[in-house]
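Enquirer: Quick one: the structure is below, and I'll ask about it shortly.
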There are 4 protein chains.
Amino acid sequence: MAGLQRRLAAFAAARDWQQYHTPKNLAAALSVEASELVEIFQWLTPEQSARVMEDVGQAARVEDEVADVLAYLLQFCEVLGVDALSALSAKIDRNEGRFPTTAATRPVHHSQ
Amino acid sequence: MAGLQRRLAAFAAARDWQQYHTPKNLAAALSVEASELVEIFQWLTPEQSARVMEDVGQAARVEDEVADVLAYLLQFCEVLGVDALSALSAKIDRNEGRFPTTAATRPVHHSQ
Amino acid sequence: MAGLQRRLAAFAAARDWQQYHTPKNLAAALSVEASELVEIFQWLTPEQSARVMEDVGQAARVEDEVADVLAYLLQFCEVLGVDALSALSAKIDRNEGRFPTTAATRPVHHSQ
Amino acid sequence: MAGLQRRLAAFAAARDWQQYHTPKNLAAALSVEASELVEIFQWLTPEQSARVMEDVGQAARVEDEVADVLAYLLQFCEVLGVDALSALSAKIDRNEGRFPTTAATRPVHHSQ
């Protein structure tokens with residue numbers, strides 16, 4: 001992932017796009033891409049959504065939006081010096097304490 | 001990243017949360033977390049947004065939301081069998097062809 | 001609705017909040033509120049989502065988020081001079097031509 | 001606005017789209033449209049965002065997305081029996097108590 005983050009940084013630098021890459025703009029771009037992923041599923045039933053990769057066109061669209069989300073997440077982390085893997089590892093550690101396995105319930109919104 | 005994806009899958013399985021983790025629901029949860037990242041920046045100027053990590057409380061909030069976005073992205077990829085790193089690598093390859101470095105312009109929405 | 005738009009404008013002016021109310025910021029705030037509405041439904045089945053108003057607490061939360069979405073939509077329209085009702089009326093006119101009633105299908109994303 | 005809400009309900013009924021119009025799906029569609037509005041502004045400076053209606057093409061795009069956001073908000077309210085205008089009016093009443101005009105500060109996220 002670090003290699004991809006460096007490639008993205010070099011890609012932006014070579015095109016003089018860093019001026020647009022404020023944390024505010026990159027967070028907005030990330031949310032726009034996440035919504036494009038939602039759009040693929042918005043009218044599907046839960047069952048249809050589970051079979052979305054069976055259609056070649058839909059599968060390519062899903063992979064494309066996943067790439068976009070990850071690209072903006074890594075660029076956001078790059079400009080702010082955030083280590084996404086460390087942040088997630090620490091969060092899983094915390095959540096293991098917060099949600100003991102004996103209390104299986106509806107998933108809780110992690111940031112609450 | 002593969003290790004974190006496995007930890008998240010085990011975490012969900014141990015709590016019987018897989019029933020909620022349809023691709024449709026995980027895409028929605030991803031977009032909700034991305035919006036929580038946007039919320040941190042929504043009233044900031046571009047300059048203020050670049051200094052957000054200087055405040056310890058804001059920095060912790062940013063890292064927390066980054067972790068949440070990555071967590072849902074990896075869980076989405078897990079249930080659909082998508083390799084996020086490969087998808088992004090392939091996308092960067094394509095974009096290097098689409099945006100030659102001599103034509104520096106405003107960043108183009110990658111999925112257009 | 002015009003009366004509410006004027007109340008919101010006066011509310012912001014009285015608190016000197018206009019400086020934060022750029023179209024860019026208001027669009028972001030609108031999307032953040034829309035995501036808070038999504039969050040209410042993210043783990044619900046379609047059937048559960050249809051019964052959300054039966055719970056008093058959930059009903060209040062839904063109404064609160066609807067108010068927030070409408071508030072930011074009206075403030076966005078205020079700063080850009082957009083007439084939301086006219087824009088929607090014109091759009092329905094166009095869509096009646098684009099989607100004849102004999103061709104009933106899955107709903108199409110209106111802006112495509 | 002009530003007239004537009006009825007037109008939208010009739011439009012959906014005539015096309016047998018009601019089956020797709022669960023509250024969950026309509027909330028997702030609303031957030032997708034709000035993100036399409038954000039997308040217009042994502043790389044603009046605050047100053048550029050304030051001048052977006054000067055460009056005929058951008059102005060049409062803004063009006064189109066405003067129409068989409070309002071359309072899904074009204075359809076969401078229709079299926080759940082929510083009165084958006086009443087909800088907003090009540091919210092402004094509450095906010096006038098919460099944010100006295102003497103304490104002008106950065107706008108606070110209304111639902112917090």
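Enquirer: Using a label point 7 Å beyond Cα on the Cα-Cβ vector, give me the inter-copy distances for C:E96 in nanometres, one decimal, shortest first.
Expert: Spelled out, the distances from C:E96's label point are 3.8, 5.4, 6.2 nm.
Enquirer: Compute the distance in nm between two label points, each set 7 Å from the Cα along the Cα-to-Cβ direction, one at D:R98 and one at C:D93.
Expert: With each label placed 7 Å out from Cα toward Cβ, I get 3.9 nm.
Enquirer: Computing the accessible area with a 1.4 Å probe over protein heavy atoms, can you report the carbon and sulfur percentage for chain C?
Expert: Carbon-and-sulfur percentage of accessible area, whole number: 51.
Enquirer: At A:A50 and C:M1, where each label point lies 7 Å from the Cα along Cα→Cβ, what is the point-to-point distance in nanometres?
Expert: So the label points at A:A50 and C:M1 sit 4.0 nm apart.
Enquirer: In whole angstrom, and with the biggest value first, how far do the Cα coordinates of the protein assembly as shown range along each principal axis?
Expert: The Cα atoms of the protein assembly as shown stretch 53, 44, 44 Å along the principal axes, largest first.
Enquirer: What does the charge count near D:V82 come to, summing +1 for each Lys or Arg and -1 for each Asp or Glu among other residues with Cβ under 13 Å from its Cβ?
Expert: Net charge in that neighbourhood comes out at -4.
Enquirer: Select the chain C residue whose beta carbon lies nearest to the rotation axis carrying chain C onto chain D, and write the distance in whole Å.
Expert: Spelled out, residue of C and its Cβ distance from the axis onto D: C:A34, 2.
Enquirer: How large is the accessible surface of A:S86 in square angstrom, using a 1.4 angstrom probe and rounding to the nearest 10?
Expert: Answer for A:S86: close to 60 Å² accessible.
Enquirer: Another one. Quickly estimate the mean residue ellipticity at 222 nm for chain A, helices only: each DSSP H run with n ≥ 4 gives -39500 (n - 2.57), and the total goes over all residues, rounded to 500.
Expert: Dividing the helical sum by the residues of chain A leaves -22500 deg cm²/dmol.
Enquirer: Could you work out which residue, out of D:V56, D:V32, D:V79, moves most in a Gaussian network model of chain D, that is, has the largest mean-square fluctuation with Cα springs under 10 Å?
Expert: D:V56
Enquirer: Is any helix in chain A, taking whole DSSP H runs, at least 30 angstrom long along its axis by alpha carbon and on average at least 0.0 on the Kyte-Doolittle scale, and which ones?
Expert: Passing helices, by number: A:56-80.
Enquirer: Check cross-link reach from B:K24 to the lysines: straight Cα distance under 29 Å, and skip same-chain residues fewer than eight apart.
Expert: Leaving aside lysines fewer than 8 places away in the same chain, those within reach of B:K24 are A:K24, A:K91, B:K91, C:K24, C:K91, D:K24.
Enquirer: With a/c under 1.5 counting as rounded, go ahead and sort the stretch A:2-84 into rounded, prolate or oblate using the C-alpha gyration tensor (a ≥ b ≥ c being the square roots of the eigenvalues; past the cut-off, prolate if a/b is larger than b/c, else oblate).
Expert: prolate
Enquirer: Give me Rg over Rh for the stretch A:39-92, both radii from the alpha carbons and Rh done the Kirkwood way, two decimal places.
Expert: Expressed as Rg/Rh, it is 1.13.
Enquirer: Mean-square fluctuation check for chain C, GNM, Cα pairs under 10 Å: which of C:G97, C:G81, C:G57 is largest?
Expert: Sorting by GNM fluctuation, first place goes to C:G97.
The values are calculated or read from the model by the stated rules, or taken from the named source; none is laboratory data. Bear in mind that the values here come from a model prediction, so they are computed numbers and not experimental data. When we count neighbours, we look across all protein chains shown, and the Cβ atoms used for this are built from the backbone with ideal geometry, even at glycine. Ligands, DNA and RNA are stripped out before the accessible areas are found, and what is left, the full protein with its side chains, is counted by its heavy atoms. Shrake-Rupley method; radii C 1.70, N 1.55, O 1.52, S 1.80 Å.
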